Amino acid sequence: MKARFTRAAAALALTLAAALAPVWSVSADDTTASVKDDARTAGHAVAHSATTVGHTVADKSREAGHEIASGTRSARDTVRDDSKKTGHAIADGARNIGRKVREGVEKLKAGVTGKSREPAPKS
């Protein structure tokens with residue numbers, strides 16, 4: 001990027017130097033028009049070079065981002081899978097605790113009232 005910028009600056013300097021060399025022998029109106037045209041040309045050259053450099057930087061940045069994403073994909077998948085397993089284990093544990101508490105409450109209720117929550121068998 002620095003090399004392109006340096007080349008663009010050098011091209012601008014050479015263009016302006018070449019443009020200003022014949023200015024000393026030309027009339028004021030011709031000089032003004034010539035300077036404007038040369039400045040416009042130099043400005044367009046710098047803008048074009050800056051655009052090219054910007055696109056190059058964007059492409060390199062995109063490539064780096066894709067490389068990073070590819071490199072971290074396996075770790076990301078592992079974390080996701082482990083997180084799912086952990087979530088399921090916690091849910092199973094909470095469900096088991098809920099069942100144990102419910103069974104304990106039913107036993108306590110049956111002991112105190114003599115009635116269970118479940119209906120009596122039909123036979």
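The values are calculated or read from the model by the stated rules, or taken from the named source; none is laboratory data. Quantities reported herein were computed from a predicted structural model and do not represent experimental measurements. Quick reminder, even Gly has a Cβ in these numbers, built from the backbone with ideal geometry, and neighbours come from all protein chains shown.
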Task: Matching residues, segment 26-68, being at pLDDT below 90, more than 25 Å from R7 (Cα to Cα) and of a type in the set (G, A, S) - done: S27, A28, A33
Open item on the list: Any residue in segment 61-87 that is outside any helix (DSSP H, G or I) and of a type in the set (S, T, Y) sitting within a Cβ distance under 7 Å of a residue that is modelled with pLDDT under 95 and surrounded by 10 or more Cβ atoms within 10 Å (Cβ to Cβ)? List the pairs, counting only those 6 or more apart or interchain.
Closed with: none
